[in-house]
Amino acid sequence: MPTRSDDASRIGLRDVARRYLEARTDNPGLALLGVVLFGTNISATRVTGQAREALARDLNGVVPVLDATIRYVEAAATDARNRGQLLHELEKSVAAQPRWYELRRSGDGKKTTALAASAGSLAGDYAALAKEVLQMIVDAENKLIDELQGAQS
């Protein structure tokens, strides 16, 4: 579940957590994998650290706060949406585009805007999140296998 680092987002997260608990009464197999800080400023380490601590207190160990963080990069997010691309696709488009000085030098009179060079860093954030989530799934599967093997013994 994505959340931001501000207090209002934490309040919203608590509301969603209450609804989640209500939904589990009808669907006991429903599981919340974790909470990820989203839309953060990569240089705001103090704020991010405080938000992680506050979320951990709020969640009381019931749901983990994931290590991955998705930074706020408006230009890359906008370029990806406008082009209909995923961030790793945009990252490839950025790598394939002419350099800024080549765009200026072309002199063809067309206004060409370069794509956000920050696409790679944002794509990396999502890749780290995917890797962490996949590892959590593998760990949960291994735990289940161990439990099943233990029950058969």
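The values are calculated or read from the model by the stated rules, or taken from the named source; none is laboratory data. Not measured: the values here are computed from a predicted model. Note that each Cβ is placed from the backbone with ideal geometry, even for glycine, and that neighbours are counted across all protein chains shown. Accessible surface areas use protein heavy atoms only, side chains included; no ligands, DNA or RNA. Shrake-Rupley method; radii C 1.70, N 1.55, O 1.52, S 1.80 Å.
Observations, loosely collected:
- Selection within the stretch 112-153 - aliphatic (A, V, I, L, M) and within 15 Å of the chain's Cα centre (by Cα): 119, 122, 123, 127, 128, 129, 130, 133, 134, 136
- Within the option set 49, 29, 61, being at positive phi and surrounded by fewer than 17 Cβ atoms within 10 Å (Cβ to Cβ) holds for one residue only, 61.
- Among residues of the stretch 64-89, those that are among the hydrophobic types (A, V, I, L, M, F, W, C) and at positive phi, counted: 0
- Matching entry among 68, 44 (being surrounded by 14 or more Cβ atoms within 10 Å (Cβ to Cβ), modelled with pLDDT under 90, under 25 Å from residue 119 (Cα atoms) and not hydroxyl-bearing (Ser, Thr, Tyr)): 44
- Scanning the stretch 6-19 for residues that are open to solvent by less than 40 Å² (accessible area, probe 1.4 Å) and part of a loop (DSSP other than H, G, I, E, B) yields a count of 0.
- Which numbered condition residue 150 misses (of (1) at pLDDT 90 or above; (2) more than 22 Å from residue 41 (Cα to Cα)): (1)
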